[in-house]
Each structure stands twice: as structure tokens, then as C-alpha cells.
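Report on the following structure.
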Amino acid sequence: MRPVVLSWHARADLREIAAFIAADDPARAARFVTELRARCQSLSHHPMQDRPAPEIDPDLRILVFRAYLILHRVHDDTVRIDRVVHAARDLSALWPHD
């Protein structure tokens, strides 16, 4: 079991998601973000349960939760969540290109 660590960007993403949903339904926002965080934590037990994303970054993996993508990397001792973004986002814009 590897601990799951959220990057600064991932934490900011979760706050933005919560604020967006809360504009219509604060209770639903709290429930949704709780479910989303639980899905992130599931990577602790099954860090390779998702698909790699070599088209973006060779070490990046993507776990889908409803309409959101949990972008993360599996390390020897941790799973690092880099971003949590809506599936409609242009993922290539989130990573610099050489």
C-alpha cells in the first residue's frame, strides 16, 4: 500500500471543482468532492488500476471518475496526484512540451 499525496495543483483543482458545484448545490458539492477524494485514495491499494498516458508524459497515468480525470504518477513509495481536471480539458495544455 502506497500513501497518496496530492500536489498543490491537485488540491487547488479540488477546491475549484467544489466551488463550481457549490454555486448550484453546496451539499452536492461536498458529497461529490468526498467521493472524488475517496477515488483518489483508492490508488493507494491499486495504483496501476488505470491507463498510462504516454502521449502527455511517459510517467503519467489517468484514472477516470465520472467526468473528471485524476492525473497521477506511481512512485516506489507514494502515488502523487498531479491534477484533477474535467475530461473536456485539453490535457496537453497542462504539461510543457519540448
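Checked against (1) surrounded by fewer than 13 Cβ atoms within 10 Å (Cβ to Cβ); (2) of a type outside the set (S, T, N, Q); (3) in a loop (DSSP other than H, G, I, E, B), Val64 passes all but condition (3).
Please work out which residue is surrounded by the fewest Cβ atoms within 10 Å (Cβ to Cβ), limiting yourself to the range 43-61 and to residues that are aliphatic (A, V, I, L, M) and modelled with pLDDT under 95. Only one residue fits best here, namely Met48.
Among the criteria (1) surrounded by 14 or more Cβ atoms within 10 Å (Cβ to Cβ); (2) free of Cβ contacts under 8 Å to residues at least 40 places away in the same chain; (3) in a helix (DSSP H, G or I), the one Ile17 does not fulfil is (2). Residue-level check: of (1) buried (at least 17 other Cβ atoms within 10 Å of the Cβ); (2) under 11 Å from the mean Cα position of the chain (by Cα), Val5 misses just (1). The residues in the range 45-61 that are of a type outside the set (D, E, K, R) and in a strand (DSSP E or B) can be counted, and the count is 1. Of the residues making up the range 67-98, those that are closer than 17 Å to Ala12 by Cβ and buried (at least 17 other Cβ atoms within 10 Å of the Cβ) are Tyr68, Leu69, Ile70, Leu71, His72, Arg80, Ile81, Asp82, Arg83, Val84, Val85, Leu91. Test Asp82 against the criterion of being of a type in the set (Asp, Glu), at pLDDT below 95 and either on the phi < 0 side of the Ramachandran plot or in a loop (DSSP other than H, G, I, E, B) (or both), and give yes or no. Answer is no for this residue.
Scanning the range 1-32 for residues being charged (D, E, K, R) and under 18 Å from Arg83 (Cβ atoms) gives a total of 4. In the range 21-31, is there at least one residue being surrounded by 17 or more Cβ atoms within 10 Å (Cβ to Cβ) and touching a strand residue (DSSP E or B) at 6+ places or on another chain (Cβ under 8 Å)? The answer is no, given that none of the residues of the range 21-31 is surrounded by 17 or more Cβ atoms within 10 Å (Cβ to Cβ) and touching a strand residue (DSSP E or B) at 6+ places or on another chain (Cβ under 8 Å).
The values are calculated or read from the model by the stated rules, or taken from the named source; none is laboratory data. From a predicted model like this one, the values you see are computed outputs, not experimental measurements. Quick reminder, even Gly has a Cβ in these numbers, built from the backbone with ideal geometry, and neighbours come from all protein chains shown.
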